[in-house]
Amino acid sequence: MSRKIRAAVVGYGNIGKYVLDALRVASDFEIAGIVRRDAANIPVELKEYNVVNSISQLEKVDVAVLCTPTRSVEKFALECLEMGINTVDSFDTHARIPEHFKNMDRVSKEAGTVSLISSGWDPGLFSLNRLLGQAILPNGMDYTFWGKGVSQGHSDAIRRVEGVKDAKQYTVPIESAIEAVRNGENPTLTPREKHLRECYVVAEEGADRAKIEETIKNMPNYFAEYNTIVHFISEEELEKNHSGIPHGGFVIRSGKTGMNKEHSHIIEYSLKLDSNPEFTANVLLAYARAAFRFHKEGVSGAKSVFDIAPAYLSIKSGEELRKTLL
């Protein structure tokens, strides 16, 4: 039996906690340690692990699972790659992915390591299904719907508004738009026609609620392009009814085949997630396995989900996969 993959968890927020849970039950991994800003005050659940504030303090790390916010992914990735440690991340700023790939590719090739980028579910699994849909139905249209679920980025944006104490924002797909796509109508949809933004806001005492609502609804790149509903609720209600982080969505490819485009087809991939960060953590772990396997084969450089054969994600051997799944 081959040796276990030694993985380090970098960042111990929502995703990092669930990556650690996933590592505990993954029989082909072992936990090399946890990297967090405050290594002096160790939570009770981490007492049995090696907790440090720099990955340089850990020994024999095969792959670092980066669980930091996207804005700091590159900093930690470069540090790990230059040390000869492979990385996997869930970098999710779509517009900057080409730049991120280019930066990781240069450094990882110089270091002889593998950097597997943007390996969550969108970008990540949804991206892969968009590619499959386009390859199979080149004459067609892509549709991606998110939700109903909590958008952590949009919730953070609301919390930065003056007078807001706390908030949760739900992205809600418009059912009539989904049905039109499923019916093969191939509609052209604006962001406003595809999704609704529903906000639950705890205002600070004495804050101007009308001003808060106006600021939220007119926030560019977050809410201005959508129909947005703002509910003001108590802190207790937010904690009681909105403490979870569910999410999900659909990727749909609608297309036609034949010389005269006489036959219509729909490809649909969907996710319904009780916990967005817990699911993302498990996606990251599967791609961490792939990064390690690539490195063992002498591969180096940046990779995305498009570059990974599905067999590299599975703990099963090729023979087992062919026997049980093909």
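Annotations
- With the convex hull of the Cα atoms taken as the outline of the chain, the averaged projected area works out to 20.0 nm².
- Inter-centroid distance (Cα atoms) of the stretch 198-256 relative to the stretch 167-181, Å: 13 Å
- Top of LEU20, LEU78, LEU238 by mean-square fluctuation, Gaussian network on the chain, Cα under 10 Å: LEU238
- Along the chain, counting only trypsin sites (Lys or Arg not before Pro) with a DSSP assignment other than H, G, I, E or B and at most 15 other Cβ atoms inside a 10 Å radius, the longest segment between sites is 161-260.
- Loop-located GluC sites (Glu not before Pro) in the stretch 293-325 (DSSP state not H, G, I, E or B) with no more than 15 neighbouring Cβ atoms inside 10 Å: GLU297.
- Cβ-to-Cβ counts within 10 Å put ASP92, ASP156 in ascending order as ASP156, ASP92, the fewest first.
- Rounded if a/c under 1.5, otherwise prolate or oblate - the stretch 1-88, Cα gyration tensor axes: rounded
- Modelled spin labels at GLU214 and ALA135, positioned 7 Å past Cα toward Cβ, are 5.2 nm from each other.
- CD proxy at 222 nm, helix term only [per DSSP H run n ≥ 4: -39500 (n - 2.57); per residue of the chain; nearest 500]: -10500 deg cm²/dmol
- Whether the stretch 174-326 is rounded, prolate or oblate, judged on the alpha carbon gyration tensor where a/c under 1.5 counts as rounded: oblate
- For the listed residue pairs LYS211/LYS272; LYS165/LYS303; LYS168/LYS272; LYS217/LYS272, the alpha carbons are over 30 angstrom apart in LYS211/LYS272; LYS165/LYS303.
- Among the GluC sites (Glu not before Pro) in the stretch 18-80, those located in a DSSP loop and surrounded by at most 13 other Cβ atoms within 10 Å of their own Cβ are GLU48, GLU59.
Read-outs: derived from the displayed coordinates by stated rules, not from any lab. All of these numbers come straight from a predicted model, not from anything done at the bench. Here the Cβ is made from the backbone with ideal geometry for all residues, glycine too, and neighbour counts use every protein chain on show.
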